[in-house]
1. Got a number for residues in the stretch B:106-127 being at pLDDT 95 or above and in contact with a helix residue (DSSP H, G or I) (Cβ under 6 Å, 6 or more places away or on another chain)?
2. Quick check on my filter: what residues within the stretch B:8-24 are away from chain A (no Cβ under 14 Å) and surrounded by fewer than 11 Cβ atoms within 10 Å (Cβ to Cβ)?
3. With the structure loaded, tell me whether residue B:131 is part of a loop (DSSP other than H, G, I, E, B) and either closer than 27 Å to residue B:179 by Cα or within 14 Å of another protein chain (Cβ to nearest Cβ) (or both) or whether it fails that test.
4. Within the stretch B:147-160, count every residue that is under 24 Å from residue B:205 (Cβ atoms) and crowded, with 17+ Cβ neighbours inside 10 Å.
5. Scan the stretch B:223-244 for residues that are under 32 Å from the mean Cα position of the chain (by Cα) and surrounded by fewer than 20 Cβ atoms within 10 Å (Cβ to Cβ) and jot them down.
6. Take residue A:26 and tell me if it is modelled with pLDDT of 85 or more, within 12 Å of another protein chain (Cβ to nearest Cβ) and under 18 Å from the mean Cα position of the chain (by Cα).
7. Quick check on this structure: which one of A:68, A:24, A:60 is surrounded by 15 or more Cβ atoms within 10 Å (Cβ to Cβ) and in contact (Cβ under 8 Å) with a residue 12 or more places away in the chain?
8. Quick one: in the stretch B:174-224, of everything that is in a loop (DSSP other than H, G, I, E, B) and farther than 30 Å from residue B:91 by Cα, which residue is nearest to the other protein chains (Cβ to nearest Cβ)?
């Protein structure tokens, strides 16, 4: 009999016990992998291969910038396209009926967001009229909107010179999600149409979207933009688009701490459960181990077999856990734009594998030593 | 029936006595369940701590006015004309000197580096007049002095001073092109204001280009009904496009902001609980196997299967319950009162103390008992089915 088949028969001895241990290990690695992937995707935002940056007022993104900054940024080397974007704070009829809407510089905006699926006609009809609204498929379906329909788009923030808070807009185009699952729960209106009517903060914008020639130039463009406006009346801070979004999550809760605390709780739990159960399993096999010893198995070999059992257990359970986490992550990315940057990354998978080996060794070491020390005479006499 | 109760009594006693021989396996079950419960309570302590701070902020006898549908002061803009009309609203209290007790305030968000990791976070900067302090009756200056209301000077809430780097008395901080001097530290105990920095309204308006109006208008009112009187006054005047509510109601409306955290905490706890159930099932099967002969002996001398079943369930619930108590105590000792921050309704950082209420601790213990019931069921059935013949077979 090979060592491997002895390991398998050890695990197969009590199938229910092995299955239950696998469930415990599976859960711990599943929870770890989902949380770590989430945290890693937040952190990765800083250095992602994206070519999109967001410039905002250095004081805070809620402070405005002169709209003229767009054109000045466009002249900087490494910059491919620039569009300003103003958060509209939109709703339809009732403030609880919120609509995620921005006022943008239409043509550059479409150039930057080339991943939106929009055919030529749809593009032209959005650009052609200043009261056009470009709507994502999900948003249009949610409200039952169709092309050509006029809707009153109201805002919780902006007052018009006529005292009202509503911009009448016409739905001229609907965009679909592109290959990288662009969120389609948003709407975009022409900045000029919006700006001409508002009562305050005219000619100012909240953020400026920048597309760079290549992601290698991101760092250069970031410092060029920030330095260009240094010591002006409105200084600028530029960050990658993903980092801008990640700040909202990391400020909401200490994600790093939660991930570490929950993962540790899960892993310590399985460490205890597997370690304790395996110790029991080996105790109950003392006489068999004594038989193996009489048959000439060395202590090292017996140690390897026991350790092999716990290692195999944590690798199978752990791999299933990572696999399930991967499936969940893929599904979450499809289902909700909030998870658009969520991926099971290499470092997370590697950390998971490292912990499987550590768990297998830690839970197997005690029982393995116990098995190696089994005294043939006493063990066989007892049986 | 009486004999069943007697049998049960004997079995429970036996279970407890025999626990000592399975001490490590029992400790494992207890600790693994304790960790699950502590994790759940960790999430719940965030939401209840945040709620406590929100509900602890604001007074019933202060009316708050923001622009219609803005929901938060961050979105709100009240033109100066609106402020002038609001000053004429009925029911506003006056000071001894006959001054209207009102507080127009400008709210802006500024980026400031956190002490914890140096990353920028959203800090609330509030431009105030002196009566903002009169309206917050719990306001206390801990050190330094009040800001000059026409100079670029700040006072820092106690919690903001703890949270942000460089916000110490005597230092200067820079927002955009302007240097601000920190001249004092204040507290409004248990409120969100402790996470803010305050300055005179005039320098905030001019340096942040808000000269055309204010964000929020607060007024001390004579009684709680006067809030409604102001709301009616505003509704009757077509020039006033505003929402009126009590300050207490305004902050209470932000309590729901952490509901995602509650669902997230429960999801994690339930997934971890599945792992703990699997562990408990294993430990209890082990326990039944260890005591096979003992249980068979009981059956042989006339004990019913039911008493074996309840004996095993008792062991499961006892261990799980202990785990729940341990987890709840750990969570309470380590977390209750610890400091944390999150984003409040204004999208700015609110510092608060984690807090665990009795109802949450009980929920934690109940979840532990549920884990015990689920983990104990199958092993208990096996215990009930042990044949008296095992005695001779062993």
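1. 2
2. Those that are away from chain A (no Cβ under 14 Å) and surrounded by fewer than 11 Cβ atoms within 10 Å (Cβ to Cβ): B:17, B:20.
3. For residue B:131, the condition - part of a loop (DSSP other than H, G, I, E, B) and either closer than 27 Å to residue B:179 by Cα or within 14 Å of another protein chain (Cβ to nearest Cβ) (or both) - is not met.
4. If we filter the stretch B:147-160 for residues that are under 24 Å from residue B:205 (Cβ atoms), which is where we start, we get B:147-157, B:160.
This time we only want the ones that are crowded, with 17+ Cβ neighbours inside 10 Å, so: B:147, B:152-157, B:160.
So the answer is 8.
5. B:223, B:224, B:225, B:228, B:231, B:243
6. No, not satisfied.
7. Only one candidate qualifies: A:24.
8. This residue is B:176.
The values are calculated or read from the model by the stated rules, or taken from the named source; none is laboratory data. Owing to the predicted nature of the structure, the values given are computational and were not obtained by experimental measurement. Every residue, glycine among them, receives a Cβ derived from its backbone with ideal geometry; neighbour counts consider all protein chains shown.
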